[in-house]
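J.: Mind having a look at this structure? Questions to follow.
The values are calculated or read from the model by the stated rules, or taken from the named source; none is laboratory data. Since the model is a prediction, treat every value here as computed from it, not as a measurement. Heads up, the Cβs are rebuilt from the backbone with ideal geometry, glycines too, and the neighbour counts pull from every protein chain shown. Just the protein is used for accessible areas: all its heavy atoms, side chains included, with ligands, DNA and RNA removed. Shrake-Rupley method; radii C 1.70, N 1.55, O 1.52, S 1.80 Å.
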Amino acid sequence: MEKDMKLLLHICCGPCSTYPVQELLKEGFEIQGLFYNPNIHPIEEHKRRKENVEKMSSITNIPVVYNDDFRQSEWENLEDKGAARCTGCYSLRMEEAARYASENGFEAYTTTLLVSPYQKHELIKELGEFYAEKYRVAFAYRDFRPGFRQGQQMAKEMGLYRQKYCGCILSLNG
Amino acid sequence: MIKRVGMKKFITGIILFCIILISQNVVFAAQQLTLNYDNKSVKYSGVSYKITINDKEIKTDFPGIVFNKVTMFPLRPVFESLGGTVIWNSKTQIMDITYKGEKYQFENNSSNAKINGKIIKMTSPAKKINDRLIVPVDFLKNVKGLIASTDTKANVIKISTNYTGSVKEISSADSGEKTIVTLRMDNHKGYKYYRLTNPDRIAVEFNNIKSDQKTIETASAHISGISVEAISDNSTRVIINLNEMANFSLADLQDGCKITIEKPINTNLSYENSYDRVYFSLKNIRLADIKEENNRSYIAERYKHEYDAENFKYTITIDAASSLSLKDEVYNIDDSLVSTVEIYRDKETQDTKITINAKQEFVYLTSYNDKRMQSEINLLTPAKEGEALVVIDAGHGGEDPGANNGKILEKDLNLAIALKLEALLKKNNVKTFMLRQDDTFVGLYDRPYIANALNATLFVSIHNNAIDSAKTSGTETLYYPEAKGDPAFTGEKFAKMVQDALIEKLKSVNRKTVQRPGLVVLKYTKMPAILAEIGFLTNAAEVKNLTNPEFQQKAAEALNDSILKALDIIASEKKTEDKLENESNNEPDPDAEAAQDIADEQAAE
């Protein structure tokens with residue numbers, strides 16, 4: 001019996017996951033999601049996004065592990081200010097995803113962050129590869145951006161909550 | 001007139017005939033032997049023996065004779081013909097002969113001969129007759145490397161150096177850190193030696209040696225035993241079982257060889273050459289990573305490499321940080337493929353160079369085996385242009401058993417069918433490459449990468465299925481989906497052929513062909529590839545079938561038949577392609593050229 005390649009998909013939120021999940025299933029991956037977003041502010045928003053990932057998971061049958069770490073204060077104490085904080089934010093996620101993938105026998109990992117045209121796409125790609133190297137697991141880079149609109153439509157049809165800001169306190173206030 | 005001429009000829013003929021008869025009598029008379037010895041002359045009326053060495057008559061002024069009822073032969077012409085040296089001392093009346101490193105001594109009128117100083121009693125004394133020292137033929141049985149017999153019908157003394165010899169000595173001894181194995185043979189005609197791996201062994205094959213199967217227990221530092229096996233009626237293989245991968249050197253002996261075995265300095269380097277796959281492995285050194293990009297996978301190398309095609313020399317350079325554990329060493333491999341491996345640290349840069357000195361051309365592929373934490377440098381011989389090569393992938397293996405039903409493991413069933421398929425394809429003169437031929441672990445990515453590097457024509461992966469329902473049974477063939485309307489022969493088309501053939505032969509439940517884009521072996525192989533799931537281990541009836549060699553054979557036959565068909569299709573596709581190419585070459589088509597220009601431009605962008 002031969003098994004499909006196992007891929008760990010870091011999931012930032014329900015709506016962003018719809019299109020990548022559809023594409024990666026087409027490619028034949030056996031997908032598991034990882035919810036790890038420790039600086040979504042405020043905690044009620046963090047909870048809401050998690051619930052919507054659970055909803056997506058039950059609709060699509062994609063198993064997801066949830067890491068409920070909430071590291072808001074740590075995040076607020078980061079020395080980097082402004083846009084440089086994005087590097088810190090992505091790093092938190094990518095490192096945890098790479099580590100988890102490597103330790104749990106995944107062949108590759110990637111993130112739903114790659115679907116958004118509003119994210120710093122190249123930076124995410126760079127960090128993904130950096131942590132892939134560090135944890136000896138392949139980073140399955142995909143440019144999901146062409147499917148962003150389609151994904152949002154899918155989220156609407158699934159009845160998923162679509163947030164209005166990226167996630168951190170700065171993006172909430174900004 | 002005609003008649004008279006005829007009569008003249010007839011008479012001339014008769015006269016000639018008589019002359020021949022007379023002259024022959026003269027020859028006979030000359031051969032009449034007179035024996036001069038002990039100051040007397042005796043006419044010899046007995047049989048004169050010709051002497052042959054390996055069925056060729058030797059030149060001698062004195063034949064073999066029967067003297068005092070014993071058949072005797074002259075020493076000098078025989079041993080000189082054999083390539084020995086013969087020295088006669090007229091003062092002492094002693095003859096010294098050296099032949100194949102042994103010393104023989106004979107004394108006129110004495111029955112005592114000496115071999116390397118040791119006295120051997122002869123049936124009759126040596127005798128100086130007509131200035132030739134003669135001894136009994138049966139003495140020759142004491143001479144190393146010879147056998148002799150007397151043919152009393154044809155009157156020939158037959159001496160042969162071509163007889164099949166035997167094992168004289170096999171021993172081992174420790175000397176300091178080294179183990180020395182001594183192999184001595186009686187009358188071997190050359191030998192060759194090579195390594196066998198998994199487990200590590202050194203084999204020495206002697207020609208012209210007959211032996212019985214036996215195992216010699218030894219308790220030396222580096223070896224666990226020596227076994228002897230007959231390869232044929234006149235060749236023997238001695239196998240030295242090594243405790244671990246060891247370095248060795250071999251010295252020639254007159255009658256065999258001496259092998260010195262010692263522990264290598266770099267214990268993390270080992271060599272594998274037991275079948276199709278040949279590779280060096282380096283434990284705990286990571287030389288390559290598997291990268292994935294936009295649905296494409298490749299190996300990212302962590303080293304620099306160069307290839308000296310003229311000398312079959314392949315060198316990789318590893319930076320100082322990743323090669324700390326390697327020390328300078330020259331490693332003797334000395335099998336049919338590789339002479340040595342040199343590990344050398346550059347004193348200035350501290351980089352380490354590993355050079356493989358091969359005996360033939362190879363394509364090198366280095367990968368990292370995650371399960372075994374080792375880098376593997378594969379030595380591959382790709383298929384030539386137009387040559388068909390089928391890579392056979394027996395699924396799972398080693399640490400990865402695949403599915404199971406109690407003690408019945410999928411990996412074993414896969415291998416059994418794979419080996420049967422290999423035999424069938426070989427019978428049909430199809431070149432094959434087994435990714436594994438025994439219970440070893442092969443990295444998942446290595447399977448497609450090796451097939452690609454080999455420039456294989458087809459990739460056939462053999463598996464068996466499992467599911468959590470005991471009722472489910474049947475056969476399915478998996479493939480990577482082709483682009484819509486692809487006219488080429490693809491894995492998808494190949495899968496249909498394989499599936500049809502399997503169902504027809506096995507009469508199993510037809511689970512059809514199944515699209516599986518997520519399987520590494522199907523996704524990353526560049527040639528048409530399929531994965532056959534022959535049956536279900538979780539189904540009682542099927543597991544009974546799968547463990548039955550006859551059923552396995554049927555599965556192999558179905559695979560073989562469809563592979564042969566596929567190869568035909570690929571060959572005819574190739575022919576049509578070549579033909580079209582030739583035609584377009586003959587008549588340059590301006591439209592096609594323009595189209596090509598556009599394509600080139602696009603590719604450049």
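J.: Take every residue in peptide B:130-137, count the Cβ atoms of other chains within 10 Å of its Cβ, and give the average of those counts.
T.: On the way: counts 0, 0, 0, 0, 0, 0, 0, 0.
Counting Cβ atoms of other protein chains within 10 Å of each residue's Cβ and averaging gives 0.
J.: With just the Cα atoms defining each centre, how far is the range B:121-148 from the range B:411-429? Give it in Å.
T.: Using only Cα atoms to place each centre, the spacing works out to 59 Å.
J.: On a 0 to 90 degree scale, rounded to 10, what angle separates helix B:410-427 from the longest Cα axis of chain B?
T.: So the helix axis and the longest Cα principal axis differ by about 60 degrees.
J.: Modelled label-to-label distance, B:T98 and B:K192, 7 Å Cα→beta-carbon offset: nm?
T.: 3.3
J.: Once you have a ≥ b ≥ c as the square roots of the Cα gyration tensor eigenvalues for the protein assembly as shown, tell me rounded if a/c is under 1.5, and otherwise prolate or oblate according to whether a/b is larger than b/c.
T.: prolate
J.: Just checking the output field for B:516-522: average partner chain Cβ neighbours within 10 Å of each residue's Cβ?
T.: Details: counts 4, 7, 15, 5, 6, 1, 2.
Mean inter-chain Cβ contacts per residue within 10 Å come to 6.
J.: Then there's this: Using r as the Cβ-Cβ distance of A:Y161 and A:K3, and R0 as 35 Å, what FRET efficiency do you calculate, to the nearest 0.05?
T.: On the way: r = 34 Å, r/R0 = 0.98.
With a Förster radius of 35 Å, E is 0.55.
J.: Also, I was wondering about something else. Search the structure for amide H atoms under 5 Å from the amide H of B:A394, placed 1.01 Å from N in the peptide plane, and list their residues when 5 or more places away or on another chain.
T.: So B:A394 has HN proximity to B:L435, B:R436, B:I462.
J.: Near A:Y165, within a Cβ-to-Cβ distance under 15 Å, what is the net charge of the other residues, with Lys and Arg +1 and Asp and Glu -1?
T.: Values: positive: A:R48, A:R49, A:R85, A:R162, A:K164; negative: A:E44, A:E45.
With Lys, Arg at +1 and Asp, Glu at -1, the net is +3.
J.: Give, in nm to one decimal, the length gained when the segment between B:S166 and B:A219 is fully stretched (0.36 nm per residue of separation minus the Cα-Cα distance).
T.: Length gained between B:S166 and B:A219: 16.7 nm.
J.: If you take every residue apart from A:H10 with its C-beta less than 12 Å away from the C-beta of A:H10, what net charge results, scoring Lys and Arg +1 and Asp and Glu -1?
T.: Net local charge, A:H10 excluded: 0.
J.: Still on this structure: Calculate the length of the line joining the C-alpha centroid of the range B:52-75 to that of the range B:305-384, in whole Å.
T.: With the range B:52-75 and the range B:305-384 each reduced to a Cα centre, they are spaced 60 Å.
J.: Which one, B:N357, B:V338, B:T317, projects farthest toward the positive side of the charge dipole computed for the range B:267-381 from Cβ point charges (K/R +1, D/E -1)?
T.: So the residue we want is B:T317.
J.: Where a ≥ b ≥ c are the square roots of the eigenvalues of the C-alpha gyration tensor, would you call chain A rounded, which needs a/c under 1.5, or, failing that, prolate if a/b is larger than b/c, or oblate?
T.: Oblate, because a/c is 1.5 or more while a/b does not exceed b/c.
J.: Now, a different point. Quote to one decimal, in nm, the extra length available between B:S111 and B:D438 on full extension: 0.36 nm per residue of separation minus the C-alpha distance between them.
T.: 111.5 nm is the gain from fully extending B:S111 to B:D438.
J.: So, in Å, what gap is there between the alpha-carbon centers of the range B:470-519 and the range B:162-232?
T.: 50
J.: If you don't mind, there's one more thing I want to ask. Subtract the Cα-Cα distance of B:D328 and B:K43 from 0.36 nm times their separation in residues, and report this length gain in nm to one decimal.
T.: 94.8 nm
J.: Please report, as a whole percent, how much of the solvent-accessible surface of the protein assembly as shown comes from carbon and sulfur atoms (probe radius 1.4 Å).
T.: Taking all protein chains in place, the protein assembly as shown shows 51 percent carbon and sulfur surface.
J.: With every protein chain present, what is the per residue accessible area of the range B:511-587 (1.4 Å probe, Å²)?
T.: 51
J.: Take each of the peptides B:200-209, B:410-419, average the number of other beta-carbon atoms within 10 Å over its residues, and list them starting from the highest. Intermediate results must be reported in sequence, preceding the final value.
T.: On the way: B:200-209: 21.0, B:410-419: 24.3.
Per-residue Cβ counts within 10 Å, averaged per peptide and sorted highest first, yield B:410-419, B:200-209.
J.: While we're here: Over chain A, give the accessible area per residue in Å² for a 1.4 Å probe, as an integer.
T.: 46
J.: Related question: Mind grabbing the interface size between B and A? I mean buried accessible area, both sides, 1.4 Å probe, in Å² to the nearest hundred.
T.: Buried: approximately 1800 Å² between A and B.
J.: Follow-up. Which FRET efficiency, nearest 0.05, do B:E342 and B:A488 yield, Cβ-Cβ r, R0 45 Å?
T.: Using R0 = 45 Å, I get an efficiency of 0.50.
J.: Amide H of B:L253 versus every other amide H placed in the peptide plane: which residues, excluding those fewer than 5 positions away on the same chain, fall under 5 Å?
T.: Under 5 Å from the amide H of B:L253 lie the amide H atoms of B:K258, each far enough along the sequence or on another chain.
J.: Check each residue of the range B:293-315 and keep those whose accessible area, probe 1.4 Å, is at least 30 Å² smaller with all protein chains in place than in the chain alone; give them in order of residue number.
T.: Residues losing area: B:E293, B:N294, B:N295, B:R302.
J.: A follow-up question, please. Run down the lysines and flag those whose C-alpha is under 17 Å from the C-alpha of B:K304, throwing out any fewer than 8 positions away in its chain.
T.: B:K313, B:K353
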